[in-house]
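Notes follow once the structure below has been shown.
The values are calculated or read from the model by the stated rules, or taken from the named source; none is laboratory data. On a predicted model such as this, the values are computed, not experimentally measured, just so you know. When we count neighbours, we look across all protein chains shown, and the Cβ atoms used for this are built from the backbone with ideal geometry, even at glycine. Ligands, DNA and RNA are stripped out before the accessible areas are found, and what is left, the full protein with its side chains, is counted by its heavy atoms. Shrake-Rupley method; radii C 1.70, N 1.55, O 1.52, S 1.80 Å.
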Amino acid sequence: QSALTQPASVSGSPGQSITISCTGTSSDVGTYNLVSWYQQHPGKAPKLIIYEGSKRPSGVSNRFSGSKSGNTASLTISGLQAEDEADYYCCSYADGGSYVFGTGTKVTVL
Amino acid sequence: EVQLVESGGGLVQPGGSLRLSCAASGFTFSSYSMNWVRQAPGKGLEWVSYISSIITIYYADSVKGRFTISRDNAKNSLYLQMNSLRAEDTAVYYCARIGSGSQLDVWGKGTTVTVSS
């Protein structure tokens, strides 16, 4: 149950696009198309922004998109806005019925 | 409104016990699987435990044998019994509903557990 690997930080200017990677193994990301992404502002609970790799819940901006290739999932935020500054976590369903989260990425809007 | 509200956190000494509760409202609780997730101060999210609607249960290795997840569908409530607590169990504990794609689609605001002498 090792955490999925994410970059510690990613930054971009308003209007730019950024991509956050999430690398797992064949026991989680590589086998299951059940990767989700969460946005967490300081002191708040996480919020679901992407599920099943690329689906957006109702009400989530279409500036957020997800994809997967092999053992790596990715979250892209396009048209970066000040309100996107937050921590982002990936999560995958894994063998044995468990879940595994990513190490987390702090997004800074310059 | 779909809502989850955790309670039961607090300060406990190492080796002690605590029982967390999560009250669900606004949806058919009995139909959903649920997770407990925790976040240590300044750290990332960590999955703790899972319980399905038919009482299939899984635990993270870090809590196996010490924590017990349960649910009472009549009371629309989820529980986490935590025994033999350690300093490293100090965290905000969130309950979360699991959607059809295994996503954690509804989260509570969390309850804080501090293990310290």
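A few notes on this one:
- Net charge contributed by nearby residues that have their C-beta within less than 9 Å of A:V109 (K/R +1, D/E -1): -3
- Whether chain A is rounded, prolate or oblate, judged on the alpha carbon gyration tensor where a/c under 1.5 counts as rounded: prolate
- For the stretch A:79-110 versus the stretch A:34-68, the inter-centroid distance based on Cα atoms is 8 Å.
- Chymotrypsin sites (Phe, Trp or Tyr not before Pro) restricted to DSSP loop in the stretch A:1-56 with at most 15 other C-beta within 10 Å: none
- Partner chain coverage, peptide B:92-105 - average Cβ within 10 angstrom: 5
- Cα gyration tensor category, rounded, prolate or oblate, for the stretch B:56-117 with a/c compared to 1.5: prolate
- Threshold 10 Å², the stretch A:1-29 residues less accessible with all protein chains present than alone (1.4 Å probe): A:Q1
- At a probe radius of 1.4 angstrom, the accessible area of chain B per residue rounds to 44 square angstrom.
- Cysteines in the protein assembly as shown that lack a partner Cβ within the 4.7 Å cut-off: A:C91.
- Rg over Rh [alpha-carbon atoms, Kirkwood Rh] for the protein assembly as shown: 0.96
- Under a model in which nothing but the beta-carbon of Lys, Arg (+1) and Asp, Glu (-1) is charged, chain B shows a dipole of about 160 debye around its Cα centre.
- Chains A and B together bury roughly 1600 Å² of accessible surface, counting both sides and using a 1.4 Å probe on protein heavy atoms.
- Sulfur and carbon atoms: percent of accessible area, chain A [1.4 Å]: 46
- Global geometry of chain B, whether rounded, prolate or oblate, following the gyration tensor of its Cα atoms and the 1.5 cut on a/c: prolate
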